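Novice: What follows is a single structure, and I will ask about it in a moment.
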Amino acid sequence: MTPTDVTHVMTTNFYAPPSAIRAGRVVLPEDEARHLRTVLRGEQGDEMTVVDGHGGWYRARIDHVGDEQVVGTVVERRRNVGEPAIDATVALGLLKKRTRFETFVEKAVELGVRRIVPLRTSRAERASIREERLRNVMVAAMKQCRRSRLPALAAPQSTADLLAESGGDVRLVCHAGDASVPIQRAMGQAGPAASALVLVGPEGGFAPSEVEAARANGCTPVSLGPRRLRAETAGLAALHAVVDAHQNG
Ligand code: SAH
């Protein structure tokens, strides 16, 4: 083989919505196309992997690299590449520092979360999120960690609304209290579950009435170990325990 015969394979995943993938053809959105052309120096004949954020995963051959458009032909398609078996929702109390919530969001996507709910708790100091910014963080993390679903980001809501409106075969509230069981034990006792809902408090923790409301609504109080974790760490540790209990290989 001469060097020109070697097909360059793009190692980063690209994102294109389902509407951009039709009849075996992929058209990358403008920003993704520009990234491929200017940063990664992708060329006609190269291969790229594209995910649609809804579980679709495609390997495609690049047919055309234009200034603002990249078009490819699908050569292989799969479903749910990189997705965990369990549909996990983590509801985390809104935090004083936006950057900590952003860190949580990025890492939670990597660990396989399916839905993130910013919680308005009685001790939370903030009521809003920067939705656009968090969505960008989520898309970048989805591509980077090579999963194929873009998790949902809910609007901020109260603990009471969350408990009333969310499902979850397994429902857990992270709480460092005497009545709490280790999260691994709670997951083991719950047996096979398709979905999980995990509540994590803000810096100041949950008010006792919120823990009570969670219990009254079917949440098991769980412990994450002997150390008091920062809220965003607690959210990630709990998510990992839930996903790990239901690995799909
Ligand atoms: N000052 C608070 C601690 C808040 S830590 C208090 O004393 O209650 C933020 C959140 O992380 C908590 O509300 C809880 O949901 C979770 N968390 C932190 N460490 C934990 C642990 N060891 N076990 C269970 N939950 C924990």
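Novice: In segment 81-114, how many residues are closer than 15 Å to Gly55 by Cβ and open to solvent by 10 Å² or more (accessible area, probe 1.4 Å)?
Specialist: The number of residues fulfilling the criteria is 7.
Novice: Give the residues of segment 115-128 that are hydrophobic (A, V, I, L, M, F, W, C), buried (at least 21 other Cβ atoms within 10 Å of the Cβ) and over 10 Å from the mean Cα position of the chain (by Cα), sorted by residue number.
Specialist: Matches in segment 115-128: Val117, Leu119, Ala124.
Novice: Looking at segment 89-134 only, could you name the residues that are in contact (Cβ under 8 Å) with a residue 12 or more places away in the chain and of a type in the set (Val, Ile, Thr)?
Specialist: Thr89, Val90, Thr103, Val105, Val109, Val113, Ile116, Val117, Thr121, Ile129
Novice: Something else: In segment 23-80, which residues are touching a helix residue (DSSP H, G or I) at 6+ places or on another chain (Cβ under 7 Å), open to solvent by less than 70 Å² (accessible area, probe 1.4 Å) and outside any strand (DSSP E or B)?
Specialist: Leu28, Pro29, Gly42, Asp52
Novice: Can you name the residue in segment 163-174 that is open to solvent by less than 70 Å² (accessible area, probe 1.4 Å) and touching a helix residue (DSSP H, G or I) at 6+ places or on another chain (Cβ under 9 Å) and, of all such residues, is nearest to the ligand (Cβ to nearest atom)?
Specialist: So, considering only residues that are open to solvent by less than 70 Å² (accessible area, probe 1.4 Å) and touching a helix residue (DSSP H, G or I) at 6+ places or on another chain (Cβ under 9 Å), the one nearest to the ligand (Cβ to nearest atom) is Cys174.
Novice: Kindly list the number of the only condition in (1) under 22 Å from Glu125 (Cα atoms); (2) of a type outside the set (Lys, Arg); (3) not in a loop (DSSP other than H, G, I, E, B) that fails for Phe206.
Specialist: (3)
Novice: For residues that are near the ligand (Cβ under 8 Å from one of its atoms), within 23 Å of the chain's Cα centre (by Cα) and surrounded by fewer than 18 Cβ atoms within 10 Å (Cβ to Cβ), tally how many sit in segment 186-232.
Specialist: Looking only at that region, the number is 3.
Novice: While we're on this one: With Val173, Val137 as the choices, which residue is touching a residue at least 24 places away in the same chain (Cβ under 8 Å), over 13 Å from Leu94 (Cβ atoms) and part of a strand (DSSP E or B)?
Specialist: Only one candidate passes the filter, namely Val173.
The values are calculated or read from the model by the stated rules, or taken from the named source; none is laboratory data. Keep in mind it's a predicted model, so treat the numbers as computed, not measured. So basically every Cβ, Gly included, is an ideal-geometry build from the backbone, and we count neighbours across all protein chains shown. Just so you know, the surface numbers come from the protein's heavy atoms only, side chains and all, with ligands and any DNA or RNA stripped out. Shrake-Rupley method; radii C 1.70, N 1.55, O 1.52, S 1.80 Å.
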